[in-house]
Amino acid sequence: MKNRLVYSEFGDNNENAIARPTPELPPQEQHLRVQPTRKGRKGKTVTIVSGFQSRPETLKALLKSLKRQCGAGGSVKENTLEIQGDVVERVVVLLQEAGYPAKRSGG
């Protein structure tokens, strides 16, 4: 079936034209919070790193490094990193070594 588009304000449905740019701050200017949580995870502990102002590509690369060094799984969700297990202290140390001013938050 042919595309029956009559009018498009931004051309050929170019999503890049309407996407908002994500600011890419250097690691020293980001204030990260690292906290363990069990909320909504059936009792499993997850370490959450929040406060990022980076592009998704940067977050994925950082997550890959953290997962490898912690020996755990994880994912990126809405500019936060989730790493499986209670590895808060290790993540704080690794982020500080990478140049991010990270602090432990919560219990």
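The values are calculated or read from the model by the stated rules, or taken from the named source; none is laboratory data. Not measured: the values here are computed from a predicted model. Backbone-built Cβ (ideal geometry, glycine too); neighbour counts: all protein chains shown. For the accessible areas, the whole protein counts, side chains as well, though only heavy atoms, and no ligand, DNA or RNA atoms are used. Shrake-Rupley method; radii C 1.70, N 1.55, O 1.52, S 1.80 Å.
Scanning region 29-61 for residues that are in contact (Cβ under 8 Å) with a residue 40 or more places away in the chain, open to solvent by 70 Å² or more (accessible area, probe 1.4 Å) and not in a strand (DSSP E or B) gives 31, 44.
Looking across region 81-97, just one residue is outside any loop (DSSP other than H, G, I, E, B), in contact with a strand residue (DSSP E or B) (Cβ under 8 Å, 6 or more places away or on another chain), surrounded by fewer than 17 Cβ atoms within 10 Å (Cβ to Cβ) and of a type in the set (Asp, Glu), and that is 89.
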